[in-house]
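A.B. asks: Once you've had a glance at the structure underneath, I'll fire off some questions.
The values are calculated or read from the model by the stated rules, or taken from the named source; none is laboratory data. Computed from a predicted model, the values in this text were never measured in an experiment. Here Cβ is always computed from backbone atoms with ideal geometry, including for glycine, and neighbour counts include all displayed protein chains. Heavy atoms of the whole protein, side chains included, go into the accessibility calculation; ligands, DNA and RNA do not. Shrake-Rupley method; radii C 1.70, N 1.55, O 1.52, S 1.80 Å.
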2 protein chains.
Amino acid sequence: MQQNLTDTLTLLSHTPAALDALLRELPETWTLRNEGEGTWSVFDVVGHLINADRTNWLPRLKLILEFGESRPFEPFQRRAHVRTNQGKPLGELLDEFARVRRDSVEEVRGLNLRPEDFARRGQHPALGVATLSELLAAWAAHDLTHLHQISRIMAHQYQDAVGPWKAYLGVMHCAGHGAS
Amino acid sequence: MQQNLTDTLTLLSHTPAALDALLRELPETWTLRNEGEGTWSVFDVVGHLINADRTNWLPRLKLILEFGESRPFEPFQRRAHVRTNQGKPLGELLDEFARVRRDSVEEVRGLNLRPEDFARRGQHPALGVATLSELLAAWAAHDLTHLHQISRIMAHQYQDAVGPWKAYLGVMHCAGHGAS
């Protein structure tokens, strides 16, 4: 299936409210614990999503429109958010994500992308040539990979508590698949 | 970590609003497609969650309190919802899930479970002996395993559209881990 701009932007605009409904005022058991040393908590993931909208997806999209393949994307600093957000309440991050994402979606809508723009190509520093359509699809799928990760981090906290049911709960057997 | 009733019930009470914010009025690309023959769409998963509250978790919890290990749980009909929900709009299922879950959580609260109740034991038809605490933990983790599944089903629709980014998107490499 091809990327469809309406499908992509609708999904992108739903994510902040979904995370808000799931996470706001949830006990810290679910939001501040991680899956072991060197892994992220749910709090960290929300910080990463804010940072990715600010410094990755939209700037790269604009770089493709302006420079095409002639100027590679800046490498994305995947852990930049960790120091910035230390000590903030999760509610503040959820508010920030809602604002940043609303601005991102509005800005993409304001670009009035035409069908021919979707084939425009950029240069990813590690992945090589990628199209604007692939970038938009990856932006939406990036939300989903982190929703997938969030559900896994939360389930991890109950891995012993569920006793024999662990065998039936797929999320308990998800190994993280590298990036998330 | 042990199951904690407040943590469990707070999570259980957040899930319907989270799914509502994510899924209501989302294009059918995301909600009606599945991961291939014999797999579930997001619509199917929401139907399953309603059915599980109605016929599985709460009835089993009450069975433990009333009969202990002397009466095994009824086997859970995992696909019972498929025929019942055919043709309904997703919004109707989301409303139904919100109602059913609110009733479930209220009913559990109304039981005024005491710490000693958590160790009470029931008999699962396939998994053997399980405690009431394990059942509560599994109920919450069951929401998470299906949130994990929902994010994976949705991401699957863009598996080709993301082009080279597929390598970085963990959710695209999740094999489903059996049950979900």
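A.B. asks: Can you tell me how many residues within the range A:9-57 are part of a helix (DSSP H, G or I) and among the small types (Gly, Ala, Ser)? Working first, answer last.
C.D. replies: Residues of the range A:9-57 part of a helix (DSSP H, G or I): A:9-23, A:28-31, A:42-57.
Okay, now just the ones that are also among the small types (Gly, Ala, Ser), so A:13, A:17-18, A:21, A:47, A:52.
Count: 6.
A.B. asks: Quick check on my filter: what residues within the range B:77-95 are buried (at least 17 other Cβ atoms within 10 Å of the Cβ) and in contact with a Gly (Cβ under 9 Å, 6 or more places away or on another chain)?
C.D. replies: Listed by number, the residues that qualify are B:81, B:85, B:93.
A.B. asks: Condition (residue is buried (at least 21 other Cβ atoms within 10 Å of the Cβ), within 17 Å of the chain's Cα centre (by Cα) and hydroxyl-bearing (Ser, Thr, Tyr)) applied to the range A:18-33: is it met by at least one residue?
C.D. replies: Within the range A:18-33, one or more residues are buried (at least 21 other Cβ atoms within 10 Å of the Cβ), within 17 Å of the chain's Cα centre (by Cα) and hydroxyl-bearing (Ser, Thr, Tyr).
A.B. asks: Separate question: Out of all the residues in the range A:144-160, which are facing chain B (nearest Cβ under 7 Å) and of a type in the set (A, V, I, L, M)?
C.D. replies: A:144, A:147, A:154, A:155
A.B. asks: Looking at residue A:69 and the list (1) free of Cβ contacts under 8 Å to residues at least 40 places away in the same chain; (2) in a helix (DSSP H, G or I), which single condition is not satisfied?
C.D. replies: Checking residue A:69 against (1) free of Cβ contacts under 8 Å to residues at least 40 places away in the same chain; (2) in a helix (DSSP H, G or I), the one that fails is (1).
A.B. asks: Within the range B:115-147, which residues are among the small types (Gly, Ala, Ser), open to solvent by 10 Å² or more (accessible area, probe 1.4 Å) and closer than 16 Å to residue B:7 by Cβ? Break it down into steps so the answer makes sense when it comes.
C.D. replies: To start, the set of residues in the range B:115-147 that are among the small types (Gly, Ala, Ser) comprises B:119, B:122, B:126, B:128, B:130, B:133, B:137-138, B:140-141.
From what's left, open to solvent by 10 Å² or more (accessible area, probe 1.4 Å): B:119, B:126, B:128, B:133.
Answer for the range B:115-147, where residues must be among the small types (Gly, Ala, Ser), open to solvent by 10 Å² or more (accessible area, probe 1.4 Å) and closer than 16 Å to residue B:7 by Cβ: just B:133.
A.B. asks: Another question about this same structure. Which condition from (1) open to solvent by 10 Å² or more (accessible area, probe 1.4 Å); (2) at the interface with chain A (Cβ under 8 Å from one of its Cβ atoms); (3) out of contact with any Asp or Glu (no Cβ under 7 Å at 6 or more places or on another chain); (4) not aromatic (Phe, Trp, Tyr) is the one that residue B:163 breaks?
C.D. replies: (3)
A.B. asks: Take residue B:173 and tell me if it is more than 23 Å from residue B:9 (Cα to Cα), at the interface with chain A (Cβ under 7 Å from one of its Cβ atoms) and in contact with a Lys or Arg (Cβ under 9 Å, 6 or more places away or on another chain).
C.D. replies: So residue B:173 passes the test.
A.B. asks: Could you check the range B:34-76 and list, in sequence order, the residues that are of a type in the set (D, E, K, R) and open to solvent by 70 Å² or more (accessible area, probe 1.4 Å)?
C.D. replies: The answer is B:37, B:54, B:62, B:66, B:69, B:71, B:74.
A.B. asks: Then there's this: Which residue, of B:65, B:9, is of a type outside the set (Lys, Arg) and within 18 Å of the chain's Cα centre (by Cα)?
C.D. replies: Working: B:65 fails: within 18 Å of the chain's Cα centre (by Cα).
Criteria check complete, one pass: B:9.
A.B. asks: Can you find even one residue in the range A:160-180 that is under 15 Å from the mean Cα position of the chain (by Cα) and part of a helix (DSSP H, G or I)?
C.D. replies: no
A.B. asks: Being more than 8 Å from chain B (Cβ to nearest Cβ), more than 24 Å from residue B:150 (Cα to Cα), among the aliphatic types (A, V, I, L, M) and open to solvent by less than 70 Å² (accessible area, probe 1.4 Å) is the requirement here; does residue A:105 meet it?
C.D. replies: no
A.B. asks: Ok, one more. Return the residues of the range B:17-54 that are farther than 21 Å from residue B:84 by Cβ and either within 12 Å of chain A (Cβ to nearest Cβ) or touching a strand residue (DSSP E or B) at 6+ places or on another chain (Cβ under 9 Å) (or both); say none if nothing qualifies.
C.D. replies: The answer is B:17, B:18, B:21, B:22, B:25, B:26, B:27, B:29, B:30.
A.B. asks: I need the full set of residues from the range A:1-54 which are under 24 Å from residue B:31 (Cα atoms), at pLDDT 95 or above and not aliphatic (A, V, I, L, M), in order please.
C.D. replies: Correct list: A:3, A:4, A:6, A:7, A:8, A:10, A:13, A:14, A:15, A:16, A:20.
A.B. asks: Okay, next question. Within the range B:5-16, how many residues turn out to be within 7 Å of chain A (Cβ to nearest Cβ) and open to solvent by 50 Å² or more (accessible area, probe 1.4 Å)?
C.D. replies: Within the range B:5-16, residues that are within 7 Å of chain A (Cβ to nearest Cβ) and open to solvent by 50 Å² or more (accessible area, probe 1.4 Å) number 1.
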